[in-house]
């Protein structure tokens, strides 16, 4: 899209709501709108519990962005502490699932220890509109200007996963004593979970070059996107205590040395590989009715190929049966993605080239189906469906009332959209959800397409 700005509009950022475009999918027309521009390389965007977009910028800032006005409220400035060069800087972020009671924000970034580049994971408290009281959970991870991972994900068991890259040292991913080239798993205070593969180590999986995306899907699979070298970008299913091959295996185990290493080292082959490389970035499971072409599919933002890819899986979620590319060259390099509760998509763009440091090319773009009416096209009331008791006391049994002979899928997420429960149900089903105190979103999708959803309060 071409946009003309006056200097005044650039300064106050009031222009962003005026830049619009139209994008036609199979049967859906999406309107795009630039929400915010002139950003210092956005890396992570999340839909926050305050209905704002929470964003990290690589030069060291965290902001809340009003999706309607584009107003950017800086809540943390670590530019004096964060080391930014090439791909390094302030990167991954995660919000505590029970943010109302535990207003913790987890952020990963690179810093200098003397002349050495290192990574750390820090937990902040959100107080009075600012991020304060920093606690370093993990530090002194070997870093570099590239290949540093840094995607975060909080699991339903309240453990946190963090990806790390090989830091341009190919010996590290296969070195179990190193935290580089791994997926790390820790409790939310940084301690090692007792059920880690090695109870004395944060290492959860190994053999990673540079994992960029993490998402736990409703099917129970944990998916990850990963950068390859000049070949073999990957989409993986992550499993504990498994090896993902790097640097001994590039993509599939498809030559004699690789086959031997895979057999000896508990290697998991990727679901999909790309050669030539496309530079996959973040991933997200889309389950809204607003964009039918994306519903119940995994979406992946792509940098080098400047596109959004959707993946349709088999029933078990362990095989891709279809992948479709959208918006090829319609935007810029797509770094990250988040979704609002009504299904509106937000994309963080990252210039037109790898080393593009022009801030005016770094944006957040909204994609919205303006013809969508949730009361007609999506979840709508269904009088014979209810969840009780609500509020629920921890330890109580949960009962789902639904129409006779109906069958469907019952899902539960936390307030940040993280899946916590998934079950096939009928009127006789016992809901075996054993929640912690907090606020949850539940959704029942019946076989006839009727959807009922709501909130569950657990006291």
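The values are calculated or read from the model by the stated rules, or taken from the named source; none is laboratory data. This structure is a prediction, so every number in the text was calculated from the model and none was measured. For neighbour counting, all protein chains shown are included, and Cβ atoms are generated from backbone atoms with ideal geometry for every residue, glycine included.
Collect the residues in the range 432-446 that are more than 26 Å from residue 342 (Cβ to Cβ) and either in contact (Cβ under 8 Å) with a residue 24 or more places away in the chain or assigned to a strand (DSSP E or B) (or both), keeping them in residue-number order.
436, 437
For the range 153-163, enumerate the residues that are over 15 Å from the mean Cα position of the chain (by Cα) and in a loop (DSSP other than H, G, I, E, B). Answer for the range 153-163, where residues must be over 15 Å from the mean Cα position of the chain (by Cα) and in a loop (DSSP other than H, G, I, E, B): 157, 158. Would you check which residues across the range 129-152 are part of a strand (DSSP E or B) and within 17 Å of residue 113 (Cβ to Cβ) and list them? Hits for the range 129-152 are 134, 136, 137, 138, 139, 140, 141, 142. Please determine whether any residue of the range 379-394 is under 30 Å from residue 214 (Cα atoms), surrounded by 14 or more Cβ atoms within 10 Å (Cβ to Cβ) and modelled with pLDDT of 85 or more. No, every residue in the range 379-394 fails to be under 30 Å from residue 214 (Cα atoms), surrounded by 14 or more Cβ atoms within 10 Å (Cβ to Cβ) and modelled with pLDDT of 85 or more. From 218, 173, grab the single residue that is crowded, with 16+ Cβ neighbours inside 10 Å, under 15 Å from the mean Cα position of the chain (by Cα) and either in a loop (DSSP other than H, G, I, E, B) or not assigned by TED's automatic domain parsing to the domain that holds residue 315 (or both). Of the residues listed, the single one that is crowded, with 16+ Cβ neighbours inside 10 Å, under 15 Å from the mean Cα position of the chain (by Cα) and either in a loop (DSSP other than H, G, I, E, B) or not assigned by TED's automatic domain parsing to the domain that holds residue 315 (or both) is 218.
Answer yes if at least one residue in the range 348-359 is crowded, with 18+ Cβ neighbours inside 10 Å, under 20 Å from the mean Cα position of the chain (by Cα) and at pLDDT 95 or above, and no otherwise. The answer is yes, given that some residue of the range 348-359 is crowded, with 18+ Cβ neighbours inside 10 Å, under 20 Å from the mean Cα position of the chain (by Cα) and at pLDDT 95 or above.
Go through 44, 87, 68 for me and flag whichever is out of contact with any strand residue (DSSP E or B) (no Cβ under 7 Å at 6 or more places or on another chain), crowded, with 19+ Cβ neighbours inside 10 Å and either assigned by TED's automatic domain parsing to the domain that holds residue 440 or touching a residue at least 12 places away in the same chain (Cβ under 8 Å) (or both). On inspection, the qualifying residue turns out to be 87. The set of residues from the range 360-378 being at pLDDT 90 or above and either closer than 14 Å to residue 43 by Cα or in a helix (DSSP H, G or I) (or both) comprises 362, 363, 364, 365.
Condition test on residue 140, is it in contact with a strand residue (DSSP E or B) (Cβ under 8 Å, 6 or more places away or on another chain) and over 24 Å from residue 282 (Cβ atoms)?
yes
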